[in-house]
Amino acid sequence: MVTVELENVTKSFENFRLEVSLKVKDGELLTLLGPSGCGKTTTLRIIAGLESPDSGRVLFDGDDVTSKKPYERNVGFVFQDYALFPHMTVYENIAFGLKVRKIPRGEIERKVKEAIKLVGLEGLENRYPEQLSGGQQQRVALARALVVEPDILLLDEPLSNLDARVRERLRREIRRIQREVGITTVYVTHDQVEAMAISDRIALMNFGKIEQVGEPLDLYLNPKSEFVARFLGDGNLLEARVHDGKAKIGSLEFNISTSSKKVKIFFRPEHVEIGEGDAARVVDYEIIPGRVKVYLEVDNITILAERPLEEIEKIRKGAKVGIKIRRFIVL
Ligand code: ATP
């Protein structure tokens with residue numbers, strides 16, 4: 001069991017500067033989430049020892065490992081492109097790290113068997129990577145990383161090359177396996193849905209910095225910046241004028257406490273309730289699985305609402321409706 005700390009770690013490239021401090025708790029799955037080029041992979045590589053920071057320290061369980069080589073750190077790494085040995089079978093791929101470590105043959109057999117069971121690859125031991133689907137190949141990569149019992153598991157976009165259905169299934173599998181093994185894990189993805197589904201906590205990155213760290217729901221409901229709010233899903237961000245403790249956007253009013261004259265109000269589409277009234281007009285709507293997205297107009301401002309599909313009966317194009325914002329934040 002291990003904690004991972006990045007203490008004032010910096011790394012500069014020509015047009016990029018990474019600056020992170022972060023603590024990953026023992027046994028948790030923390031996701032580095034952010035747009036392409038924000039520094040997720042570089043951060044992961046610094047934890048693995050594949051990249052050395054310009055300044056700052058990397059600590060495993062409080063021990064400074066900054067100058068240690070990757071093989072001295074006992075981390076397991078899973079990459080986006082599986083990186084299996086093509087000329088080795090599933091069994092041989094998984095056994096490889098144990099052979100290198102000169103583990104006795106009987107023990108290798110036992111451990112490989114266990115790993116194969118853990119990732120659900122029974123019966124495929126003698127296949128070669130090219131005879132496997134992408135999802136199966138990634139299971140091999142995961143088993144290969146875990147079989148040597150690393151202290152820390154690092155996963156860099158492990159699901160990006162897979163199609164949607166396989167991605168969802170393997171996402172749940174990775175979560176199950178991670179919990180079962182109880183291994184401290186850092187997971188990199190640019191996909192906010194994946195991050196929300198799989199993480200104990202998310203560190204959302206932007207331009208080489210961590211914008212906010214927290215549990216998925218907390219980040220979703222209480223973003224501290226416009227960037228975090230927008231990155232985690234659809235939302236309405238509207239400028240409001242403040243009068244007598246109320247922020248006003250056309251005929252909509254929000255009770256807030258601020259001394260500013262202007263604020264930005266942010267609310268998620270599912271927090272817009274639609275009922276009887278005439279404050280808003282339905283401009284358009286779209287059906288998505290189980291839900292309906294409704295484009296509303298309030299005093300020339302467009303507002304996006306998202307409602308359970310059952311409510312579609314209330315929604316007709318051009319109809320006047322009443323709306324209520326059930327939850328909002330001031331950004
Ligand atoms: P992606 O999701 O696209 O992989 P990322 O968030 O993982 O993005 P990084 O791969 O960490 O981002 O890259 C961060 C920035 O550092 C990018 O601008 C990248 O071009 C740059 N960079 C990374 N490695 C090097 C390198 N070895 N030399 C020069 N620039 C680099």
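The values are calculated or read from the model by the stated rules, or taken from the named source; none is laboratory data. Quick caveat, the model's predicted, so the values are computed rather than measured. Quick reminder, even Gly has a Cβ in these numbers, built from the backbone with ideal geometry, and neighbours come from all protein chains shown. All accessible areas refer to the heavy atoms of the entire protein, side chains included, with ligands and DNA or RNA removed. Shrake-Rupley method; radii C 1.70, N 1.55, O 1.52, S 1.80 Å.
Would segment 148-210 count as rounded, prolate or oblate if I go by the C-alpha gyration tensor, calling it rounded below 1.5 in a/c and otherwise prolate when a/b exceeds b/c, oblate otherwise? Mind showing how you got there, number by number?
Details: a/c = 1.78, a/b = 1.10, b/c = 1.62.
It comes out oblate by the Cα gyration axes.
Given the Cα-Cα distance of Lys102 and Arg316 and 0.36 nm per residue of separation, how much length would full extension add, in nm?
70.0 nm
Just for the chain, what percent of DSSP beta bridges are antiparallel, to the closest 5?
On the way: 56 of 75 bridges.
So the antiparallel bridges amount to about 75 percent of the total.
Which pairs in the list Lys25/Lys293; Lys209/Lys246; Lys246/Lys293; Lys40/Lys69; Lys23/Lys209 are over 26 Å apart, alpha-carbon to alpha-carbon?
Working: Lys25/Lys293 38 Å; Lys209/Lys246 34 Å; Lys246/Lys293 28 Å; Lys40/Lys69 20 Å; Lys23/Lys209 14 Å.
In this structure, Lys25/Lys293; Lys209/Lys246; Lys246/Lys293 exceed 26 Å between Cα atoms.
For Phe13 and Tyr295, FRET efficiency with R0 = 56 Å and r from the beta-carbon atoms, rounded to 0.05?
0.85
Set the Förster distance to 51 Å, then compute FRET efficiency between Glu273 and Arg179 from the Cβ-Cβ distance, nearest 0.05.
After rounding to 0.05, the efficiency reads 0.90.
Rounded to the nearest 10 Å², what accessible area does Arg230 have for a 1.4 Å probe in the complete protein model?
120 Å²
Which distance in nm do the two modelled labels at Ser225 and Ser251 give, with both placed 7 Å along the Cα-to-Cβ direction?
Placing both labels 7 Å along Cα→Cβ, they lie 3.8 nm apart.
At 1.4 Å probe radius, can you tell me the per residue accessible area of segment 211-275 in Å²?
The answer is 50 Å² per residue.
For Leu142, what accessible area in Å² do you get when you roll a 1.4 Å probe over the heavy atoms of the protein chains, rounding to the nearest 10?
My reading of the accessible area for Leu142 is about 10 Å².
Treating cross-link reach as a plain straight distance, find the lysines whose alpha-carbon is under 18 Å from the alpha-carbon of Lys99, omitting any fewer than eight places away in the same chain.
Cross-link targets: Lys111, Lys113.
Rounded to the nearest 10 degrees, what's the angle between the helix 164-181 long axis and the longest principal axis of the chain, both from Cα atoms, 0 to 90?
So the inclination is approximately 60 degrees.
Could you do me a favour and compute the accessible area per residue for segment 1-139, 1.4 Å probe, result in Å²?
Value for segment 1-139: 53 Å² per residue.
Between Leu331 and Glu72, what FRET efficiency follows from the Cβ-Cβ distance if R0 is 56 Å, with the result rounded to 0.05?
With R0 = 56 Å, the Cβ-Cβ based efficiency is 0.80.
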